[in-house]
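Student: Next up is a structure, given as structure tokens.
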Amino acid sequence: MEKISAIRGMNDLLPQKLRIWRDLEKKISSVFCSYGFEEIRTPVLERTELFLRGLGAVTDIVEKEMYSFEDHLNGKKYSLRPENTAAVVRASVQHNLTYNEPKKLWYYGPMFRHERPQAGRYRQFFQFGVEMLGYDGFESEAELILMCKAVWQAIGLSGNLQPVLKINSIGTSEERTLYVKALGEFFERHIDVLDDENLKRLKKNPLRILDSKNENLDTLKNEAPKISSFLGKSSKAHFENLLSLLDSYSIPYEVDLKLVRGLDYYSSTVFEWKASALGAQDTVCGGGRYDALVPLLGGSQQGACGFAIGMERLAEILETEYGNKEGCFLDLYCAHTSQAAKMMAIELAERVRKEGISVRVDLTQSSLKAQVRRAFRNRAQFLAIFGEEEMKAQHVNVRWLNNEEREGQQRKMPFGELAEFLLKNKHNDGNLYQ
């Protein structure tokens, strides 16, 4: 019978890779919590109208990339979420989360886009994200950027590996309307250079041309009008105050006047963190301000800003740089020489687990040599071997594994001292990359 494979662009996360992901997830969520953000979880399936209204009907996501269908039971249209900002804002409005104070929220989970799978782009992909609802000052955007920097440090992206911050201001909706008009007039004069896709963008929203990945348009985009010429005093002051605050924290950045982001809900500040190690798909994090989105989804006018981090791209950077380097994910592996010894190992493992120690008992009838090899493959810190002698003496030999300094060393101890020994000697940092 023919094997059934996963859908192209929707990938299995196998245990070895998932170990790395779990380490990243733990560190990133810890950073968010340290900044006072609370977790929120929204459904992966939402009404299609949410994204039509929130993201903009002429964005690439809505036009070409959403997984949408009509429910034959009620005739309503639903979509798998292509991003999560609109869903978080919907949840905030629906449950009136900001009725008495602003909210800092973070999320993590899968998103879905029907696009051609390639390096760095998948049909199911995972994002970490944060949303600050009810915050309208430049200080909130600075906190987002400081938090991004803290994430890079926490997971080991420092020096040449640290992503580069690119930032811009796209002004208010009124300022942007004037800019889009000038941009359209400019591209109309160079219509012969535009490809079919960007000709469509010219008719619907010329701003999207600046977001085009077509390298043949780079020179034309550089010559196009700049949004900075259309910003009013308030927008300029907001952006200058933000940059000044970033300077005071010694955060390097590049002002990129062509940066607009790909969704219609953005206004004022937009930013991206780019990693050269990723090649063409180099954006590992993107975000900015979106004050207009909350009222667009039925809420009261309020400031809002946030960002999203692509997990696949983060993992790819670390895997490219460090290869298959792994930390120890299991405290103790128990091997045995007989059925009776196996039962003793199971009994002792149950006692030790109650102290917060992770234990795997080899439940096979394999040779002792094969079991020891598995202990190494399972990245255990320690190996305990149970045999006839250990059963009689009620003691166990514990050997260090996957430890360059102490590998091969072992210590004999009574069963009752095993948990205390492991608690004192195991390392808990889980840091794979430093």
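Readers should treat all values here as calculations from the given coordinates under stated rules, not as data from a laboratory. Everything numeric in this text was worked out from a predicted model, so none of it was measured. Quick reminder, even Gly has a Cβ in these numbers, built from the backbone with ideal geometry, and neighbours come from all protein chains shown.
Student: Dipole size in debye (nearest 20) for the chain around its Cα centre, Lys and Arg Cβ +1, Asp and Glu Cβ -1? Walk me through the intermediate numbers first.
Tutor: Working: 59 positive and 60 negative charges, 200 e Å.
The calculated dipole for the chain is roughly 960 debye.
Student: Follow-up question, since we're still on this one. Tell me, what is the percent relative contact order of the range 330-425, built from C-alpha pairs under 8 Å that lie six or more residues apart? Walk me through the intermediate numbers first.
Tutor: On the way: 155 pairs, mean separation 28.9, N = 96.
With pairs under 8 Å counted, the relative contact order is 30 percent.
Student: Checking the a/c ratio against 1.5 first, then a/b against b/c, what shape does the Cα gyration tensor give for the range 343-387? Don't skip to the end; give the middle numbers.
Tutor: Working: a/c = 2.44, a/b = 1.37, b/c = 1.78.
In terms of gyration-tensor shape, oblate.
Student: What's the local net charge at residue 364, with K and R +1, D and E -1, over the other residues with C-beta under 13 Å away?
Tutor: Working: positive: 342, 360, 369, 373, 374; negative: 362.
Within the 13 Å Cβ shell, the charges total +4.
Student: Can you compute 3J(HN,Hα) from phi for each residue in the range 21-37, using the Karplus curve 6.51 cos²θ - 1.76 cosθ + 1.60 with θ = phi - 60°, rounded to whole Hz and x for Gly and Pro?
Tutor: With coefficients 6.51, -1.76 and 1.60, one gets 4, 4, 5, 5, 4, 5, 6, 5, 4, 5, 5, 4, 5, 5, 9, x, 8 Hz.
Student: Can you tell me, using C-alpha contacts under 8 Å and at least 6 residues apart, the relative contact order of the chain as a whole percent? Spell out each step's value before the answer.
Tutor: On the way: 713 pairs, mean separation 66.3, N = 434.
Once normalised by length, the contact order is 15 percent.
Student: Output the Kirkwood hydrodynamic radius of the chain, Cα pairs only, in Å rounded to one decimal. Please list the in-between numbers first.
Tutor: Working: mean 1/r = 0.0401 Å⁻¹.
Here the Kirkwood hydrodynamic radius works out to 24.9 Å.
Student: In this model, which of 104/166; 76/203; 226/258; 103/166; 166/203; 17/149 are farther than 18 Å apart at the alpha-carbon? Spell out each step's value before the answer.
Tutor: Values: 104/166 23 Å; 76/203 30 Å; 226/258 7 Å; 103/166 26 Å; 166/203 28 Å; 17/149 24 Å.
Pairs exceeding the cut-off: 104/166; 76/203; 103/166; 166/203; 17/149.
Student: Let me ask something else about it. With unit charges on the beta carbons (Lys and Arg positive, Asp and Glu negative) and the dipole taken about the Cα centre of the range 330-425, which residue among 364, 333, 383 sits farthest to the positive side?
Tutor: The residue sitting farthest along the positive end of the dipole is 364.
Student: What shape does the range 1-154 take by its C-alpha gyration tensor, where a ≥ b ≥ c are the square roots of the eigenvalues and a/c under 1.5 counts as rounded, a/b above b/c as prolate, and the rest as oblate? Walk me through the numbers on the way to the answer.
Tutor: On the way: a/c = 2.05, a/b = 1.19, b/c = 1.72.
Judged from the Cα gyration tensor, the range 1-154 comes out oblate (a/c at least 1.5, b/c at or above a/b).
Student: For residue 386, enumerate residues with amide H under 5 Å from its amide H, sequence gap 5+ or separate chain, H modeled in the peptide plane.
Tutor: For residue 386, the qualifying residues are 335, 336, 337.
Student: Taking every DSSP beta bridge that has both residues in the range 330-425, what percent is antiparallel when rounded to the nearest 5? Before the final figure, lay out the partial values.
Tutor: On the way: 9 of 18 bridges.
Roughly 50 percent of the beta bridges in the range 330-425 run antiparallel, per DSSP.
Student: For the range 347-432, just say rounded, prolate or oblate: build the C-alpha gyration tensor, square-root its eigenvalues into a ≥ b ≥ c, call rounded for a/c under 1.5, and beyond that prolate if a/b exceeds b/c, oblate if not. List each step's numbers first, then the result.
Tutor: Numbers: a/c = 1.44, a/b = 1.14, b/c = 1.27.
Here the range 347-432 falls in the rounded category.
Student: A follow-up question, please. Taking H placed 1.01 Å from N in the peptide plane, check which residues at least 5 places from residue 126 or on another chain put their amide H under 5 Å from its amide H.
Tutor: 111, 311, 312
Student: Another question, if that's okay. When DSSP assigns beta bridges and you keep just the ones with both residues in the range 27-108, what percent turn out antiparallel, to the nearest 5? Please list the in-between numbers first.
Tutor: Numbers: 6 of 8 bridges.
Roughly 75 percent of the DSSP beta bridges within the range 27-108 come out antiparallel.
Student: HN-Hα J couplings of the range 331-348 from phi, Karplus 6.51/-1.76/1.60, θ = phi - 60°, integer Hz, Gly and Pro as x?
Tutor: 6, 9, 10, 9, 10, 8, 10, 7, 4, 5, 5, 4, 5, 5, 4, 4, 5, 5
Student: A further question on this structure: Among 409, 110, 165, whose Cα projects farthest towards the positive end of the dipole of the chain, with charges put on the beta-carbon of Lys, Arg (+1) and Asp, Glu (-1)?
Tutor: Checking the options against the dipole of the chain, the answer is 409.
Student: Among DSSP beta bridges lying fully in the chain, give the percent that are antiparallel, nearest 5.
Tutor: Once the DSSP bridges in the chain are tallied, antiparallel ones form about 80 percent.
Student: What are the residues whose amide H is under 5 Å from the amide H of residue 269, where those residues sit 5 or more places off or on another chain and H is modelled from the backbone?
Tutor: 170, 289
Student: About its Cα centre, what dipole magnitude does the range 330-425 give when the only charges are +1 on Lys and Arg Cβ and -1 on Asp and Glu Cβ, stated in debye to the nearest 20? Intermediate values should be presented prior to the final figure.
Tutor: Working: 16 positive and 13 negative charges, 54 e Å.
With Lys and Arg at +1 and Asp and Glu at -1, about 260 debye.
Student: So what are the ³J(HN,Hα) numbers for the range 192-202, from phi and the Karplus equation (6.51, -1.76, 1.60; θ = phi - 60°), rounded to whole Hz, Gly and Pro as x?
Tutor: For the range 192-202, the Karplus curve yields 5, 8, 6, 7, 4, 5, 7, 5, 5, 5, 4 Hz.
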